[in-house]
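The values are calculated or read from the model by the stated rules, or taken from the named source; none is laboratory data. Predicted model, so just to flag it, every value in this text is computed and none were measured. In this analysis, Cβ positions are derived from the backbone assuming ideal geometry, glycine residues included, and neighbour counts consider all displayed protein chains. Heavy atoms of the whole protein, side chains included, go into the accessibility calculation; ligands, DNA and RNA do not. Shrake-Rupley method; radii C 1.70, N 1.55, O 1.52, S 1.80 Å.
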Amino acid sequence: MACMSVLTRDEAQTRASLLDVHHYAIDLDLTRGDETFDSRTVIRFTVRAETADTDTFVEVKPAELRTVTLDGHPLDPAALDENRLALKNLTPGEHELRVDAAMRYSRTGEGMHRFTDPADGETYVYTQLFLDDVQRVFAAFDQPDLKAVFDLTVTAPEGWTVLANGITEHTGDGHWKAATTPRISTYLVAVAAGPWHSVRTEHRGLPFGIHCRRSLAPHLDADADELLEVTRGCFDRYHEKFTEPYPFDSYDQAFVPEFNAGAMENPGLVTFRDEFVFRSAVTDTQRQTRAMVIAHEMAHMWFGDLVTLKWWDDIWLNESFAEYMGYQTTAEATRFTDT
């Protein structure tokens, strides 16, 4: 399997000076079998007139790159070099890039992870796109400072629920449409699909939900009141701290299997390793730790998601601030007052 060319800071700065990226329309088909899914992406972007060098590239890491068109003109899929497809001699002004590809499911938590539950045979998929794994799911100008608006549609097996950054709607025959996002970075786009067990409520006029695989349903239900109480308490406290209201249209927390991190601050769809759905008696310290992780990820909705680092050398500030706010807000807004 070909490795990916690592994007350098200089390359990212050059591309950011050339492009304004406006909009992604992403269509994923999760009904294509166990190994691959279909990914179709339309990217609308502008090339700035004042730039002398108008060559750049888009990133994608497909199982098969079927077709690429730029402003209606076909590009050669065989020109893909590792994970980069060159876009040459771009004229100033508006452009539209279309990419149709088959992508591999991951079993290691990178890109679109696929898991079949040994307890009941049900299958779940979810994305983890930090740091540069977006390109395993859809074609993108993949750097944090090239934010854009995202429209996502997903075709999923019958009986599945699709979660995303925004409120999702089932339009029939396994087709799902997510609400248009505000401007966000590519690495923060999120999808989680499967026959989730969900506990839903509303807070401050927004839909809130917690989700896990069906085999863990009794354990999630047993802790739902505590999880939602912590979530509501932190949410209210952050509104007191930040004059800026919560910038997204819903707040879902999905406890996902085989997660290769602790949690991820996807806007409107935070993912947690499902070990946080406790299967047996645990100490109050473990419950406190879980509450702190909820508070940490929620801090990122403002600091990290609404306001985002320009390049990865500022990740220390993003994480240390969320850690500080997480501990402080857990102590202020939950029963765990001694953090």
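Taken over segment 236-293, residues that are over 21 Å from the mean Cα position of the chain (by Cα), farther than 24 Å from residue 324 by Cβ and of a type in the set (Gly, Ala, Ser) amount to 2. Checked against (1) in contact (Cβ under 8 Å) with a residue 40 or more places away in the chain; (2) of a type outside the set (Gly, Ala, Ser); (3) under 24 Å from residue 218 (Cα atoms), residue 272 passes all but condition (1).
Okay, residues lined up against (1) in contact (Cβ under 8 Å) with a residue 60 or more places away in the chain; (2) not charged (D, E, K, R):
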position: 10; (1), (2): no, no
position: 15; (1), (2): yes, no
position: 28; (1), (2): yes, yes
position: 38; (1), (2): yes, no
position: 42; (1), (2): no, yes
position: 47; (1), (2): no, yes
position: 57; (1), (2): no, yes
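Do the conditions hold for residue 160, that is, is it under 21 Å from residue 265 (Cβ atoms) and either buried (at least 23 other Cβ atoms within 10 Å of the Cβ) or among the aromatic types (Phe, Trp, Tyr) (or both)? Criteria not met by residue 160.
Listed here are the residues, each with its yes/no results for (1) at pLDDT below 95; (2) basic (Lys, Arg); (3) closer than 16 Å to residue 101 by Cα.
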{"residue": "3", "(1), (2), (3)": "yes, no, no"}
{"residue": "18", "(1), (2), (3)": "no, no, no"}
{"residue": "26", "(1), (2), (3)": "no, no, yes"}
{"residue": "37", "(1), (2), (3)": "no, no, yes"}
{"residue": "41", "(1), (2), (3)": "no, no, yes"}
{"residue": "44", "(1), (2), (3)": "no, yes, no"}
{"residue": "49", "(1), (2), (3)": "yes, no, no"}
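For segment 304-334, the tally of residues that are surrounded by fewer than 19 Cβ atoms within 10 Å (Cβ to Cβ) and without any contact (Cβ under 8 Å) to a residue 40 or more places away in the chain stands at 13.
One residue stands out among those in segment 27-53 that are within 20 Å of residue 67 (Cβ to Cβ) and of a type in the set (Lys, Arg): the one that is most open to solvent (accessible area, probe 1.4 Å), which is 32. Tell me, yes or no, whether segment 256-266 has at least one residue that is in contact (Cβ under 8 Å) with a residue 60 or more places away in the chain, crowded, with 21+ Cβ neighbours inside 10 Å and among the aromatic types (Phe, Trp, Tyr). Within segment 256-266, one or more residues are in contact (Cβ under 8 Å) with a residue 60 or more places away in the chain, crowded, with 21+ Cβ neighbours inside 10 Å and among the aromatic types (Phe, Trp, Tyr). Do we have residue 54 as of a type in the set (Ser, Thr, Tyr), at negative phi and touching a helix residue (DSSP H, G or I) at 6+ places or on another chain (Cβ under 9 Å) here? Yes; evaluated as a whole, the condition is true for this residue. Residue 249 meets all of the listed conditions (1) touching a Ser or Thr at 6+ places or on another chain (Cβ under 8 Å); (2) buried (at least 16 other Cβ atoms within 10 Å of the Cβ) but one, namely (1). Beta carbons closer than 7 Å, at least 6 apart along the sequence or on distinct chains, pair a first residue in segment 201-215 that is touching a residue at least 60 places away in the same chain (Cβ under 8 Å) and crowded, with 20+ Cβ neighbours inside 10 Å with a second that is among the hydroxyl-bearing types (Ser, Thr, Tyr) and assigned to a strand (DSSP E or B) for 213/124.
Here segment 276-296 is the region considered, the condition is being of a type in the set (Gly, Ala, Ser) and under 14 Å from residue 230 (Cα atoms), and the residue that is surrounded by the fewest Cβ atoms within 10 Å (Cβ to Cβ) is 291.
One line per residue, one yes/no per condition, for (1) within 20 Å of residue 147 (Cα to Cα); (2) among the β-branched types (Val, Ile, Thr):
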| site | (1), (2) |
| --- | --- |
| 7 | yes, no |
| 22 | yes, no |
| 34 | no, no |
| 42 | yes, yes |
| 46 | yes, yes |
| 49 | yes, no |
| 63 | no, no |
| 97 | yes, no |
| 100 | no, no |
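The residue that is nearest to residue 18 (Cα to Cα), counting only those in segment 85-115 that are open to solvent by 40 Å² or more (accessible area, probe 1.4 Å) and not in a loop (DSSP other than H, G, I, E, B), is 94. Residue 131 meets each of the listed conditions (1) touching a strand residue (DSSP E or B) at 6+ places or on another chain (Cβ under 9 Å); (2) touching a residue at least 24 places away in the same chain (Cβ under 8 Å) apart from (1).
If you check 216, 228, 269, 220 for being in contact with a Leu (Cβ under 6 Å, 6 or more places away or on another chain) and of a type in the set (A, V, I, L, M, F, W, C), only one passes: 269.
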